[in-house]
Amino acid sequence: MVPVVFGAIVFIYIAMYIIPGDPVQSLVGERPVTEEFRRAIIDRYGLDDPLPTRIAKYVGNLIHFDFGESALSRRQVWDIIKETFPNTARLAVAGTFFLILLGIGSGMISAVRRYSRLDTGVTLATIVLVSTPVFVLGLLLQIFVALKLKDVLGLPITGLDQGLKSYILPGFTLASVSMAYISRLQRTTLLETLESDYVRTARAKGLPERRVIFNHAWRNALIPVVTYLGLDIGTVLGGAILTETVFNINGVGRALAIAISTRDNQVVLGISVFVVVIYLVVNLLVDLLYAVLDPRIRYT
Amino acid sequence: MDISDDAKTLTYTLRQGGTFHNGEPVNAAAFVRSFTRVAQKKTASEVAYHLSGIKGFDAAQEGTSDTLPGVHQGKDEYELVIELEQPNAEFFVRTGHLVFSPVPQVAVSDPKGFNEKPIGNGPYMLDGAWKHNVSVGVKKFAAYNGKVKGFLDSIKWKIYAEVEQAYLEFQAGTIEATDVPPEQFADAAAKYGAAFIDQASAILNYLLANNKNAPTNNKMVRQALSMAIDREAINKAVFNNQRVAAASIVPPVSRGHRAGACKYCTFNKDEAKRLLAESGVQITGPIELTFNSGAGHEEWIQAVAAQIKQNLGIEAVVKPGSTDFGDYIKSLDGLKGLGRLGWGQDYPTPDNWLYPLFYSTSPDNHSFYVSKEFDALIVKAQQTLDDAQRLALQQQAEDLVLEDMPVLPMFYGKSARVYSSSKVASFPVDIQYANPAWELVSLK
């Protein structure tokens, strides 16, 4: 994990370094930069050190959880991450809840009731969800569900500060695209398992259909889905940028979006590195989850 | 406030007994502390340039000195003296800018802490923690001894990444006032009537003409180009009337604005053709039109190009410039035609529009306009203590610019706000700074 993180840091740092444009200019907006101000910023952040020195310094500071300072707000990047990440984590949990409930649930229904009207309906819904961009879906939900139906449902338009109901629209929005893929994937894998020999054996020995599906077929059919979920955490974090921006949620995604558009490089770098670490940790957890699902997989 | 006859020394008599929200006195020392902090190199302030002109400012910026000798206490702790390098009878207008506010000691001893918990000296003080990018609140400061004490007990600002979100929240009734996104101006005006307030903002979008390179180095060519553009039509077609067609340099919200000061800003195709013919300039190649990409300027620049083509019969090509503003500005040096730029006012005075954009040695003068007459008028105005005389000189200078047309004024911005008419009794907007005057806002 350490070499991956280090490689990512170097890669992101160099990428930020070679992007054309002037980070000092972005601090003053559409105005000329005075020589004095340029000098002061260069000295404050050591911008004229050679690139390897800057990267070495950055990595050295990271070990002490010093992610540097935002040139724009002059706040510690670690403070920004600390106050925004919990919101993203909560949103991700809400998203995963919808993913599992609606994605896996609808996939199972489709598989068990293959070629029924329900199956067709789910297929249609997944196609619509996959082809609707996250920000469009978010905005539509805000206008037609939160605003037009506010007296009926009382869902907030933005923010996460109104308890559990605040998570419904952003959670659904965040989960939307992956939900559709998961649904399709679950349908296919479950259909495949339902036709395998051991399921036929289970049926032959007279097990009730519910036990055949849940205890025998589903557990195996879940492995590809869990693999996909693990890989998909990247999509979820990417989707968080859009979802958080649309719903004005103070999470790392929105912080990153703001930092990118204001060219607040230190914040972009800090959040990116942090997200890389989170991604790796989640993937590790997913690997461990295999063992729970499939007794044949054992880590030694 | 008193200005010396040579317009180089300003003496402020401060109100006695004023304190910061933490109880520290607001005296001359608080201002000296603040100005020095802004000017010092180690602060690296992007707004320090507003203090330029104060004695010792350059040395403090370069880091060769840690003090700002041009600002000091007068005869007692309630007298503040500002000494300038050059005469400037209007420096006092500048001091309305936020960067001239006094700061308490903690701003110097613990800048990071002060950054998190700002302490001011106005009618409202910070209420609870500032939740970055979420909300910030203020409450009435009981010990405030100024004239306008404010009508609201507390104010909470919710922070949105996009103005559209705030407007949705306003429609749902969760917030009492907000800015309105430009595309909703018409909708909001119809829905909210008198509770919808729109006004021109002190931001001018203009087309810079390169005054060194042909063919825009000829004044009549510039006049002709300006008259060939139908600003109203573009405002309607491209901006849905969300801008104000410009016919002056000094904007409608600024002191000294004169409607229609620019006679070459009126659309007149025949006159434009006549001026171009009379200039004697044969335009052979196409005229370049450029803009900084990615900031929403392409459409109206395209419209300008189409109009120049149609009304003057000159080929005009649109060349999108860099998205990086620094690179874009540099590219204007070699411009052969017109380039989009904008200017927003820092202080409500004509000088803030004329000196930076047109004074021959100003770093913001990208048109390479050089006029000894103009420079002399501006310098003379800066030395003139009498308000009316100074304004007359500034208007003469503006007239000169509007005759030479080094730039083509195009559009002023427009901003709009709505408030809840069922809850809010009065919602005045400060015209000069285009922000609600919060100390005057009151509830029903």
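The values are calculated or read from the model by the stated rules, or taken from the named source; none is laboratory data. Computed from a predicted model, the values in this text were never measured in an experiment. Heads up, the Cβs are rebuilt from the backbone with ideal geometry, glycines too, and the neighbour counts pull from every protein chain shown. Heavy atoms of the whole protein, side chains included, go into the accessibility calculation; ligands, DNA and RNA do not. Shrake-Rupley method; radii C 1.70, N 1.55, O 1.52, S 1.80 Å.
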Magnitude of the charge dipole, region A:2-63, Cβ model with Lys/Arg +1 and Asp/Glu -1, debye to 20: 180
Mean ellipticity per residue at 222 nm, deg cm²/dmol - from DSSP H runs of n ≥ 4 across chain A, formula -39500 (n - 2.57): -22000 deg cm²/dmol
Around A:L147: net Lys/Arg minus Asp/Glu count, Cβ-Cβ under 14 Å: -1
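Within region A:10-113, list the GluC sites (Glu not before Pro) lying in a DSSP loop whose Cβ has at most 16 other Cβ atoms in a 10 Å radius. Mind dumping the intermediate values first?
Details: sites: A:E30, A:E35, A:E36, A:E69, A:E83; in loops: A:E30.
Here the GluC sites (Glu not before Pro) that fit, given the DSSP loop and packing criteria, are A:E30.
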Ranked order, B:F325, A:F65 - accessible area, probe 1.4 Å, largest first: A:F65, B:F325
Listed residue (B:A425, B:A143, B:T19) projecting farthest to the positive dipole end of chain B, Cβ model: B:A425
Candidate residues B:K139, B:K149, B:K444: accessible-area rank, largest first, probe 1.4 Å: B:K444, B:K149, B:K139
Over region A:216-272, volume per residue of the alpha carbon convex hull, in Å³: 88
At R0 = 51 Å, FRET efficiency that the Cβ-Cβ distance of B:D430 and B:V281 yields, to 0.05: 0.65
Whole-number Å³ per residue for the convex hull built on Cα positions in chain A: 172
Shape of region B:286-391, Cα gyration tensor, a/c cut at 1.5: prolate
Kirkwood estimate for chain B, i.e. one over the average of 1/r between Cα atoms, Å: 24.3
Per principal axis, descending, Cα span of region A:100-229 in whole Å: 54, 28, 28
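Any chance you could count the Lys pairs in chain A whose alpha carbons are under 30 Å apart, treating pairs 8 or more apart or on different chains as valid?
4
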Cβ-based net charge around B:T216, under 15 Å, with every Lys or Arg adding one and every Asp or Glu removing one: +2
Listed residues A:G138, A:G171, A:G238, most fluctuating in chain A (Gaussian network, C-alpha, under 10 Å): A:G238
Value at 222 nm in deg cm²/dmol, rounded to 500, when DSSP H runs of n ≥ 4 in chain B each add -39,500 (n - 2.57): -9000 deg cm²/dmol
Local net charge near B:S371, Cβ-Cβ under 13 Å (Lys/Arg +1, Asp/Glu -1): -4
Shielding by partners, peptide B:171-180 (average Cβ within 10 angstrom, other chains): 2
Chain A: most fluctuating residue of A:L174, A:L137, A:L207 per GNM, C-alpha cutoff 10 Å: A:L207
Accessible heavy-atom area order of A:R38, B:R222, A:R187, highest first, probe of 1.4 Å: A:R38, A:R187, B:R222
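Averaged over B:358-364, how many beta carbons belonging to a partner chain fall within 10 Å of each residue's beta carbon?
1
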Accessible surface of A:K150 - all protein chains present, 1.4 Å probe, nearest 10 Å²: 70
B:S422 - accessible surface, heavy atoms, 1.4 Å probe, Å² rounded to 10: 90
Average beta-carbon neighbours from other chains, 10 Å sphere, peptide A:13-22: 2
Rel. contact order, % - alpha carbon contacts under 8 angstrom, at least six apart, chain A: 24
Computed over region B:1-116, Cα set: Rg, Dmax in Å: 13.7, 42
GNM flexibility winner over chain B from B:A295, B:A245, B:A237 (Cα, springs under 10 Å): B:A295
Compactness relative to 2.2 N^0.38 Å, alpha carbon Rg of region A:1-46: 1.54
Rounded to the nearest 10 Å², the accessible area of A:R39 at probe 1.4 Å: 100
Two-decimal Rg/Rh across the protein assembly as shown, once Rg and the Kirkwood Rh are taken from alpha-carbon atoms: 1.03
Helix axis angle, A:252-261 relative to chain A longest principal axis, alpha carbon, degrees: 40
Under 14 Å from B:K236, Cα to Cα: aspartates and glutamates that are on another chain or at least 8 residues apart: B:E183, B:E299
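Estimate the FRET efficiency between A:D294 and A:I63 by the formula 1/(1 + (r/R0)^6), using the beta-carbon distance for r and 41 Å for R0, to the nearest 0.05.
The formula returns an efficiency of 0.65 here.
Beyond 25 Å, what percent of the Cα pairs of region A:8-140 remain?
Result: 55 percent of Cα pairs exceed 25 Å.
So, R0 is 41 Å and r is the distance between the beta-carbons of A:I143 and B:A214; what FRET efficiency does that work out to, to 0.05? Kindly include the intermediate steps, with their values, before the conclusion.
Values: r = 53 Å, r/R0 = 1.29.
Between A:I143 and B:A214 the formula returns 0.20.
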Exceeding the 28 Å Cα-Cα cut-off - candidates B:K319/B:K372; B:K380/B:K414; B:K42/B:K117: B:K319/B:K372; B:K380/B:K414
